[in-house]
Amino acid sequence: MPKITYIEHDGTKHEVDAEAGMTVMEAAVKNSVPGIEAECGGACACATCHVYVEEAWRKATGQPEEMEEDMLDFAFDVRDSSRLSCQIKVSDELDGLVVNVPEKQF
Amino acid sequence: MTGDVIKTDAVIIGAGPVGLFAVFELGLLDIKTHLIDILDKPGGQCAELYPEKPIYDIPAFPIITGQGLTDGLMEQIKPFDPVFHLQQRVDELKSDGDGGFHLTTDIGTQFETKVVIIAAGGGSFTPKRPPLGGIEDFEGTSVFYSVRRIDDFTDKTILIAGGGDSALDWALNLHPVAKRIILVHRREEFRAAPDSVNKMRALADAGELDFVIGQVMELHGKNGQLESAGIRAKDGEITRLECDTLLPFFGLTMKLGPVADWGLNLEENHIPVDTEKFETSISGIFAIGDINTYPGKLKLILSGFHEAALMARGAHQIVHPDSKLVFQYTTSSSSLQKKLGVK
């Protein structure tokens, strides 16, 4: 089972067991990780599951597609490492993934 | 609009899919409806958040878009002539002392109704507030989330933040009256009508408007008067831009809003209901769809449709207390078919 670590703005770490095929957002919601709101339920329509992917993992998680990039316009404090976690699919290759949760989701 | 009170059988708060289908179920039982919604179009989240996105769990539709579902429901409820009151939010809901209710919207439209159906989903759509330190001190004086009167912005130095249609439209519409428009967006590309983007770029090329790539990170000023904003560029450097007005356009979010003040029992922002009639703690006020809660609740559109059908029977007892309700199928009942205009 791939493990994902979410780091809150204050440094609190949450390591959760995810299943391949679910999204990084779903794994967070299922394990009650604070700071990932996912208001729209994963439709890439609200930008409230914004995360920063840890530098070492950016290549493995890839680049946002156009729709996601558009939605990131509605997120706060967007950086090069910004992704919407509902658009990152968990796979065995992502075992050990580390993402940072922004201070606020708007 | 103020002054005249609209009298009706039922007011439905929220014109999302469940509110729309409630018109159908109530209509079959001879209950006339008015709908109120904060958005400028019917469809709720389906129309606002995901009009083009497929939904896979509507019975008999292996795949349908949010807009497709909305269009189908609008067609289905046409025979019942519902009246829509859009771009309005119900601010006040009070008992009229006679078993009915009195409602007032934010722009003063008033209703007297026998029953109220709250189908408000996740709450009322409101503009997103950027989490900038101290922004609340500037709201209403220097920071605005909508434009009511263009003249109020005459000779202002306006920072417009965002890259969607609202940001572009207001940059173009306020440009003639403003002292200066500065449009701040985090990237070169826009998710907006290409025509508006082209017009904005032409103005920027002619030096009549400033387009800055970056993100607003700080606000500076005193006594509610904005004086400048710190804009972070791609390289991380923050530059201060002088401005006296900020219009942030970062889309909408859902907030429970005034529903919390109507004296209803609430459980974590949801309205508890019974599962026979989907009535709230106040007799005559029903709640259906995502906004309600009960043991086993699933936030699915199809569950909301089921709730609408049972709610209508509860509402019928109140609206037509003397008429006996006989259960009928639309396939075989000639009286229902007459109401639907198919006979």
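The numbers here are math on the coordinates, done by the rules we state, and not lab data. Predicted model, so just to flag it, every value in this text is computed and none were measured. Virtual Cβ from ideal backbone geometry, glycine too; neighbours counted across all protein chains shown.
Over the Cα atoms of the stretch B:76-136, Rg to Rh with Kirkwood Rh, two decimal places?
With Rh from the inverse mean 1/r over Cα pairs, Rg/Rh is 1.10.
Give me the aspartates and glutamates in straight-line cross-link reach of A:K3: C-alpha distance below 16 Å, same-chain residues under 8 apart excluded.
Cross-link targets: A:E15, A:D17, A:E19, A:E26, A:E54, A:D92, A:E93, A:D95.
Under the rule a/c < 1.5 gives rounded, and otherwise a/b versus b/c splits prolate from oblate, where does the stretch B:14-80 land using the Cα gyration tensor?
Oblate shape, in that a/c is at least 1.5 and b/c is the bigger or equal ratio.
Greater than 24 Å separation of Cα atoms is the criterion. Which listed pairs, B:K277/B:K324; B:K32/B:K53; B:K32/B:K78; A:K89/B:K41; A:K30/B:K299, meet it?
B:K32/B:K53; A:K89/B:K41, as the Cα separations exceed 24 Å there.
Can you tell me the Rg and Dmax of the stretch B:129-250, counting just the alpha carbons, in angstroms?
So, for the stretch B:129-250, Rg and Dmax equal 13.3, 39 Å respectively.
Give a residue-ordered list of calculated ³J(HN,Hα) values for the stretch B:157-163 (Karplus: 6.51 cos²θ - 1.76 cosθ + 1.60, θ = phi - 60°; whole Hz; x for Gly, Pro).
So the Karplus estimates, Gly and Pro as x, are 9, 10, 8, 10, 10, x, x Hz.
Across peptide A:38-45, what mean number of C-beta atoms from other chains lies inside 10 Å of a residue's C-beta?
That average works out to 4.
For the stretch B:235-343, state which chymotrypsin sites (Phe, Trp or Tyr not before Pro) are in a DSSP loop and have at most 14 other beta carbons lying within 10 Å of their beta carbon.
B:F327, B:Y329
On the Cα set of the protein assembly as shown, report Rg and Dmax in Å, please.
Reported Rg and Dmax, both Å: 24.3, 73.
So for chain B: antiparallel DSSP bridges make up what percent, rounded to the nearest 5?
Around 45 percent of the beta bridges assigned by DSSP in chain B are antiparallel ones.
Which whole-number value in Å³ per residue fits the convex hull of the alpha carbons of chain A?
Convex hull volume per residue, Cα atoms: 87 Å³.
What is the spin-label model distance, in nm, from A:K59 to B:E139 if the labels are put 7 Å beyond Cα along the C-beta direction?
Here the modelled spin labels are 4.5 nm apart.
Looking at the stretch B:34-173, send over the antiparallel percent of its DSSP beta bridges, to the nearest 5.
That works out to approximately 70 percent antiparallel.
At what distance in nm do the modelled label points of B:K297 and B:A202 sit from each other, each positioned 7 Å from its Cα along Cα→Cβ?
Each label point lies 7 Å from its Cα, and together they span 5.1 nm.
Out of the stretch B:39-116, which chymotrypsin sites (Phe, Trp or Tyr not before Pro) are coil in DSSP terms and have no more than 13 other C-beta atoms within 10 Å?
Passing both the DSSP loop test and the Cβ count: B:Y56.
Can you tell me the 0 to 90 degree angle between the C-alpha axis of helix B:165-174 and the longest principal axis of chain B, rounded to 10?
So the helix axis and the longest Cα principal axis differ by about 60 degrees.
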